[in-house]
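What follows is a single structure, written as structure tokens, with notes after it.
Read-outs: derived from the displayed coordinates by stated rules, not from any lab. Just so it is clear, the model here is predicted, and its values are computed rather than measured. Positions of Cβ are generated from backbone atoms using ideal geometry, with glycine treated the same way; all protein chains shown enter the neighbour counts.
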Amino acid sequence: MKKGNLSYILKLVFIGFIMFGISAAVVMKLVFSIGSISMPDFTGMNFEKAVKNAGRMGVDLKLEDEVYSNVYEKGIVVSQNVKPKVKIKKGRSVYAVVSRGSKMIRVPDVTGMIKAKAVLNLKNLDLGTGYDDSISSSIHKEDTVIAQFPAAGADVPFNENVSTLRSEGLKDEVFMMPDVKKKNIFDVYKALRKHDLTVEKINVEVNNDLPSGSIISQSPEAGYAVNKKTPIILNASNKEDDLSLKKRLIKVTFTLESADPLPKHVKISVLSLAGTEAIYNKVTTVNEKIEVQPVVRGDALVQIFVGNELVKEHEFKAQ
């Protein structure tokens, strides 16, 4: 066979292979297109009707789960595990979630509860929390639920929001801070306590022009509005030659008593012309006895707090 004829035959064979490959790809694509469909959207359709429609299209629609829904009536498809318009093979199993309808919940009575506990109770019953408003009240403790809507006993769909009105407690009275400069610090302290105002800190500095314990400066300044939560800081004088200001020990004892057996945070502060010091500041068990011996100068005042509440004060006069 001539060389030219052999080359010609090889070219024909190569072209034949290429044409066969192209034809096979076209045939496979045609076969796949015939054996596949675009996934229909069954959401919002009655499940039984959806199963029949799916069967006619070559889809095996199965029930995956049933859930409560406030949007779809009972028996309606809520969702499907294959998104609509996705290409799938005929005969494939597709799973649907179907509505059980809306579950009705009886609203509990959360009035009188602390807001956090009320929210937890509602959540445990598949109810949500709606608007939260507050109002000053001299009867109800702070953060206590005073009223609710819907009212207790009403039947509502699950996930329905329950709005609450809670107490802010009794709003603190506001006073004008007096000018206490040059006055004795303990006299000032007693005057402030009549309005439930507390000295948070005493700073002491040497000043030989004023009697020991005289106030040199104050914060807030005179004329500022203050209430029982306002931190009041006073700077007091200390004369270098005042023998009554020698350092001395005092003994402070306190036993935590409470009907509530849970431990409480106890803080004991001492105010004297040695300054202010927190001599005890920790969580304490009920009936535990506390004994501390702080160093003070001159008159001293001990304040004992349980939580944020001042429960006891004791004055120690210099001898």
Inset, instruction - Search the structure for amide H atoms under 5 Å from the amide H of residue 129, placed 1.01 Å from N in the peptide plane, and list their residues when 5 or more places away or on another chain. - result: 162
Legend entry - For the range 223-284, with +1 on Lys and Arg beta carbons and -1 on Asp and Glu, the positive-most of 283, 269, 234 along the dipole: 283
Legend entry - Amide H contacts under 5 Å for residue 236, placed H, 5+ residues apart: 203, 204, 205, 216
Legend entry - Simple label model, 7 Å out from Cα along Cβ direction - residue 283 to residue 258, nm: 1.1 nm
Inset, instruction - State the extension gain, in nm to one decimal, for the chain segment bounded by residue 205 and residue 106, taking 0.36 nm per residue of separation less the distance between their alpha-carbons. - result: 29.0 nm
Legend entry - Cα Rg, Dmax, the range 104-167, angstrom units: 11.1, 36
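Between beta-carbons, use under 12 Å as the cut-off and find the net charge around residue 184, counting Lys and Arg +1, Asp and Glu -1. Please report the intermediate quantities before stating the final value.
Values: positive: 181, 182, 183, 190; negative: 187, 299.
Value of the local net charge: +2.
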Legend entry - HN-Hα J in Hz across the range 224-233 - Karplus 6.51, -1.76, 1.60, θ = phi - 60°, x for Gly and Pro: 6, 6, 9, 9, 5, 8, 6, x, 9, 10
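How big is the dipole moment of the range 30-101 about its Cα centre under a simple scheme where the beta carbon of each Lys and Arg is +1, that of each Asp and Glu is -1, and everything else is neutral? Debye, nearest 20, please.
Charge dipole, the range 30-101, about its Cα centre: 360 debye, nearest 20.
Scanning the chain for helices, which whole DSSP H stretches are 30 Å or more long along the axis (Cα) and average -0.5 or more by Kyte-Doolittle? Walk me through the numbers on the way to the answer.
Values: long enough: 3-34 (47 Å, 1.66).
Within the chain the helices that satisfy the rule are 3-34.
Taking the Cβ-Cβ separation of residue 171 and residue 242 as r and a Förster radius of 51 Å, what is the calculated FRET efficiency to the nearest 0.05?
On the way: r = 43 Å, r/R0 = 0.84.
Calculated value: 0.75.
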Legend entry - Dipole moment magnitude, nearest 20 debye, the range 150-251 about Cα centre, only Lys, Arg, Asp, Glu C-beta charged: 580 debye
Legend entry - Computed over the chain, Cα set: Rg, Dmax in Å: 40.8, 137
Inset, instruction - For the range 137-147, just list the computed ³J(HN,Hα) in residue order, Karplus coefficients 6.51, -1.76 and 1.60, θ = phi - 60°, integers in Hz, with x standing in for Gly and Pro. - result: 8, 8, 9, 9, 5, 4, 6, 8, 6, 9, 8
Inset, instruction - Calculate the spin-label point distance for residue 79 paired with residue 146, positioning each point 7 Å from the Cα along the beta-carbon direction, and give it in nanometres. - result: 4.1 nm
